[in-house]
Amino acid sequence: MPVKLADYHRQALEGKTINTSVQLNKRDGTWWLTLSYDEVVLVQTEPDAPVVGIDVGIANFVTTSNGKHYGTFHGKLRERQKRDRERRRRKAKLRKCLEKKGAKSLPSTSSKSGQRLIRHVRQEINRAVNQCFAEHPAAQFAYEQLSVATMKHKARAMNAYMRASNLAHIPEQIAWNAAKRGVQATRVKSAYSSQECQRCHYPDQANRPDQQTFWCVVCGFQSHADLNAAVNIERRAGDIALQLCKDRKAVKSLLMQRHEAWRKRHGWP
């Protein structure tokens, strides 16, 4: 299909080799062609640059170890997710009823509002990550190696809430921003990062009485849950012993060893 480019497009693509990522979309009766090219950006971050830990969450998309929050799924996005989920449930009930009656034409359970919500959530995530990088120009970052596929809750509503928040897109956007800006970003193990006490290293689910509160059941340390996790992630950037752990069991064993060492240093029985 021949495509006629304007002078502006030719100037933008001059000297670039277009890769295979080409998209042709139709929006409101207008065709849009998206072309992309590869560019090598060298890491420009100083080796001794301060490390900023990034915790990924729903209440706040990004929380840094210096106490800043960026973006949230609460508010309008949360309300839109509730309305879209109810709409999908009604469509699913209608579809099941028509299917029992032998109807040949069945309504789809997808919705345009749901697709728009997905796009808007990704835009909010992109905006939050961009703002975080812009406010830390001389820092390097540490972010968690998140596996959203294994994160499941007993309540279906919570699982739908977590899927709608698109948590898996946040680490991808962090890596993309770091690559295009030439910033050093290190992925670290996320096991028990939200349950480990940053003071005594004790890892336990009981340290999280609710979504936003961290309260260590041993030493009594209190903090915002996302901030505590971000500090732990920051410290794990250069933690070789923890990076060598093969699974969650090994990570917890190492953290318990550090907790026992902390107790001895402080004279705790």
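Taking the Cα centre of segment 1-105 as origin, work out the dipole magnitude from +1 charges on Lys and Arg Cβ and -1 charges on Asp and Glu Cβ, in debye rounded to 20. Could you put the intermediate results ahead of the total?
Values: 23 positive and 12 negative charges, 394 e Å.
Approximately 1900 debye in magnitude.
Count the DSSP beta bridges whose two residues both fall in the chain, then state the antiparallel fraction as a percent rounded to the nearest 5. Kindly include the intermediate steps, with their values, before the conclusion.
Working: 15 of 23 bridges.
Around 65 percent of the beta bridges assigned by DSSP in the chain are antiparallel ones.
Going by a 4.7 Å Cβ-Cβ cut-off, which cysteines of the chain have no partner at all?
Lone cysteines by the Cβ rule: 97, 132, 245.
Going highest first, how would you order 257-268, 198-209 by mean Cβ packing within 10 Å? List each step's numbers first, then the result.
Working: 257-268: 12.8, 198-209: 17.7.
Ranking, from highest mean packing down: 198-209, 257-268.
Run the numbers for residue 49 and residue 89: contour at 0.36 nm per residue of separation, minus the present Cα-Cα distance, in nm. Don't skip to the end; give the middle numbers.
Working: separation 40, 0.36 × 40 = 14.40 nm, distance 5.00 nm.
That pair, residue 49 and residue 89, stretches by 9.4 nm at full extension.
Using a 1.4 Å probe on the protein heavy atoms, what percent of the accessible area of the chain belongs to carbon and sulfur? Working shown, then result.
On the way: 8790 of 17280 Å².
Taking all protein chains in place, the chain shows 51 percent carbon and sulfur surface.
From the helices alone, meaning DSSP H stretches of at least four residues, give me the mean residue ellipticity at 222 nm for the chain, per-run term -39500 (n - 2.57), in deg cm²/dmol to the nearest 500.
Working: 8 runs with 110 residues, N = 269.
Calculated mean residue ellipticity at 222 nm is -13000 deg cm²/dmol.
Please name whichever of 25, 6, 209 sits farthest to the positive end of the charge dipole of the chain, dipole taken about the Cα centre and charges placed at Cβ: Lys and Arg +1, Asp and Glu -1.
Going by the Cα projections, it comes out as 25.
In degrees from 0 to 90, rounded to the nearest 10, what is the angle of the helix 112-134 Cα long axis to the longest principal axis of the chain?
Between the helix axis and the principal axis of the chain, the angle is about 50 degrees.
Rounded to whole Hz and in sequence order, give me ³J(HN,Hα) for segment 244-261 from the Karplus expression 6.51 cos²θ - 1.76 cosθ + 1.60, θ = phi - 60°, writing x for Gly and Pro.
Here the 3J(HN,Hα) series is 7, 5, 8, 8, 4, 4, 5, 5, 5, 4, 5, 5, 5, 4, 5, 5, 5, 5 Hz.
Label residue 215 and residue 20 with points 7 Å out from Cα along Cα→Cβ: what is the distance between them in nm?
Taking the two extended label points, one gets 5.5 nm.
From the phi angles alone, apply the Karplus equation (6.51, -1.76, 1.60; θ = phi - 60°) to segment 209-215 and give each ³J(HN,Hα) in whole Hz, x where the residue is Gly or Pro.
Per-residue couplings from phi come out as x, 8, 4, 9, 10, 10, 9 Hz.
Tell me, what ³J(HN,Hα) does each residue in segment 61-77 have, in order and in whole Hz, if you take phi through Karplus 6.51 cos²θ - 1.76 cosθ + 1.60 with θ = phi - 60° and put x for Gly and Pro?
3J(HN,Hα) across segment 61-77, in whole Hz: 4, 9, 10, 9, 5, 9, x, 9, 10, 9, x, 7, 8, 6, x, 5, 5.
Report the percentage of all Cα-Cα pairs in the chain whose separation exceeds 32 Å, rounded to a whole percent. Intermediate values should be presented prior to the final figure.
Numbers: 14551 of 36046 pairs.
The proportion of pairs with Cα distances above 32 Å equals 40 percent.
Between residue 185 and residues 5 or more places away or on another chain, which pairs have amide H atoms under 5 Å apart, with H built 1.01 Å from N, and which residues are they?
It is 141, by chain and number.
What accessible area per residue comes out for segment 188-227, rounded to a whole number of Å², with a 1.4 Å probe? Provide the component values of the computation, followed by the final result.
Working: 1780 Å² over 40 residues.
Accessible area per residue, segment 188-227: 44 Å².
Mind listing the long-range amide H neighbours of residue 202? Cut-off is under 5 Å, sequence gap 5 or more, other chains count too, H placed in the peptide plane at 1.01 Å from N.
Excluding prolines and chain starts, which carry no amide H, the hits are 197.
The values are calculated or read from the model by the stated rules, or taken from the named source; none is laboratory data. Keep in mind the model is a prediction, meaning the values are calculated, not measured. All Cβ positions, glycine included, derive from the backbone under ideal geometry; neighbour counts span all protein chains shown. Protein only, heavy atoms only, side chains kept; ligands, DNA and RNA dropped before computing areas. Shrake-Rupley method; radii C 1.70, N 1.55, O 1.52, S 1.80 Å.
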